[in-house]
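Here's the structure, in structure tokens; my notes come after.
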Amino acid sequence: MDQWTSESDLITASSPVTLYGEFTLISNRKVRCFVNLTEKDLIVQRLASAPVGRKKVVLSLGDCVGCRAYREDDKADPSAYFAAYFYPLRKRRWMNSAPWRQRVEQCFRLAALQDPHANLEEAEKWARAVRERSARQQRLRDGVLLSSLPRPCRLMLFVNPQSGKGHALTLYNSHIQRMLNEAGVIPTLIITERQNHARELVREADLSQWDALVIMSGDGLLHEVINGLLERPDWGDAICTPLGILPGGSGNALAASIHYYSGVSQVTSEDLLLSCGFLLCNGLVSHMDLVSLHLSSGHRLFSFLSLAWGFVADIDVESEKYRHAGAARFTIGTLVRLASLRIYKGRLAYLPASKGNNMDKSVQNGAAACSTNPPSCLKVSSAPRKLLEDSCPNNTCHSNNSLKLRRLEGRSPRSATKDLPGPPDTLLPPLDQPLPSDWVLVPEEDFVLMLAMYQSHLAEDLLAAPDALLDDGVIHLFYVTAGISRRALLRLFLAMEKGAHVDTNYQHLVHAKVRALRLEPGSGKGVITVDGEVVEYGPIQAEVHRGLGRLISG
């Protein structure tokens, strides 16, 4: 695409010109340009013979990842240069296609003076102004400056070369490395060699050397990193370390969720990678919910994405044999599992979001270290998050008398997190203890699937929880009871591609917003997955910790 195509519709009267200069293009020194730098845009007017409407380009500073000034090695040439790097959204030529980010580089030559140092100082003034104003545009939301990473920024960047189709390292070298250099980000690349390699490293690492930890892989590697941080003696400080995600696996659910939260239309594959790379370079840091899970063995782990049992978990595990197909493995796995649909017996109970008002207190306690001692990279306090609007779903309101649950007599339930690292769980009694009376017991015991989501996407093309937010303190619980036909289940998953399943009346689908849940699978074989990773099969319970983690997002 010709980068000189007119974009005059982007110019706004509220963007006064604050810097102005005349330069030549580095690609063609015979072409002179007038360059205007406003608070919002870089406007380049080319002064060469060209058709009307093709002389001007307007680039939003909100799309700029970096700008630098430099001189060439030629000592006889007094010229200096400054280059700005943009990744604006462009529409494809065909209809109904989502816009994608395309790299645009603007590089200008300054040779007004014979003194090379004076030229370089002028170039550095322009580069500094572009960086400062682009940072303001990216960090400003509704009049409030959001937290951001420093520049230069030091990243510990994990790449799993085996994830997805095995192309993660190639994609990093071809797309991400240059983008990080343009943004002034200094990555230390670590190639993971085995399962739990990243978990072991972050558990022992001196985190003061890094401004953020970034993962380029599927969701499983981030699961390792989060649990490694929360296994440290200083977990309260460690979990404040901002985390970043670059899609390099098959599912890439969190990467798709971050892209979705940025308000841009859904994309996949390398387009999603460029979008997440752009958001990483912006360096905006948000709070992220984490969910504490307890297994029957007494083991505790933390999750950032999902808990699945039944149909979805089986697909996740059984589709591993189709890993070479990339994201298409889940489509293949779905069709195979539909052909032999299973019924799973078990008991499910949950605490509705409207009943978990004490959650706000538990979250404050769990994230106290981050609240009182924010990491040095969070230079500007985050914007206040909106209060959660509690509501009881129409299909989940039951009488307490029908629950057949009882509160422990004479005392409050003992915490399920005694002597365990990480924040305490205040809503969960031990797994061998009865649940409080304000929990809801699902009357059905025959299920096709149970899925608990805390992010919007279950995969790149599956918008499972369209109302989810990074830090709303809510688990989106979905379950499908027995009796649903194969055709109806297929329609449900097709609707999930656009998030339409939530607003469609599927007879056997129930959606509830909850603070905590407990699942007790029946006897027999089965699979439970957490963030796509298989965990031991048996009773499991979960509680959300609002805003416990930090995530680099848009």
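Label point 7 Å out from Arg342 along Cα-to-Cβ: which residues of region 429-463 have amide N under 14 Å?
Of the residues in region 429-463, 447-450 have backbone N under 14 Å from the label point off Arg342.
So how much slack lies between Asp74 and Glu444, counting 0.36 nm per residue of separation and subtracting their Cα-Cα distance, in nm?
Taking 0.36 nm per residue and subtracting the Cα distance, the gain is 125.4 nm.
Which order, highest average first, do 454-463, 213-222, 502-511 follow once you tally other Cβ atoms within 10 Å for each residue and take the mean per peptide?
Going from most to least packed, we get 213-222, 454-463, 502-511.
Counting other Cβ atoms within 10 Å of each Cβ, which trypsin sites (Lys or Arg not before Pro) in region 470-527 have at most 16 and sit in a DSSP loop?
Those that pass, being in a loop and sparsely packed, are Lys498, Lys525.
Pairs Lys40/Lys75; Lys55/Lys75; Lys55/Lys91; Lys30/Lys56: which are spaced more than 24 Å apart, C-alpha to C-alpha?
In this structure, Lys40/Lys75; Lys55/Lys75 exceed 24 Å between Cα atoms.
What's the FRET efficiency of Asp206 with Ser174 using the Cβ-Cβ distance as r and R₀ = 41 Å, to the nearest 0.05?
After rounding, the FRET efficiency stands at 0.85.
Given axes a ≥ b ≥ c from the Cα gyration tensor, I'd like to know whether region 440-500 is rounded (a/c under 1.5), prolate (a/b larger than b/c) or oblate.
Taking the square roots of the gyration eigenvalues as a ≥ b ≥ c, region 440-500 is oblate.
In whole percent, how big is the carbon plus sulfur part of the accessible area of region 153-260, probe 1.4 Å, protein atoms only? Display every interim value, and only then the final one.
Details: 1720 of 3700 Å².
C and S fraction of accessible area: 46 percent.
The values are calculated or read from the model by the stated rules, or taken from the named source; none is laboratory data. These numbers were taken from a predicted model, which means no experiment stands behind them. Neighbour counts run over all protein chains shown; Cβ positions are idealised from the backbone, glycine included. Protein only, heavy atoms only, side chains kept; ligands, DNA and RNA dropped before computing areas. Shrake-Rupley method; radii C 1.70, N 1.55, O 1.52, S 1.80 Å.
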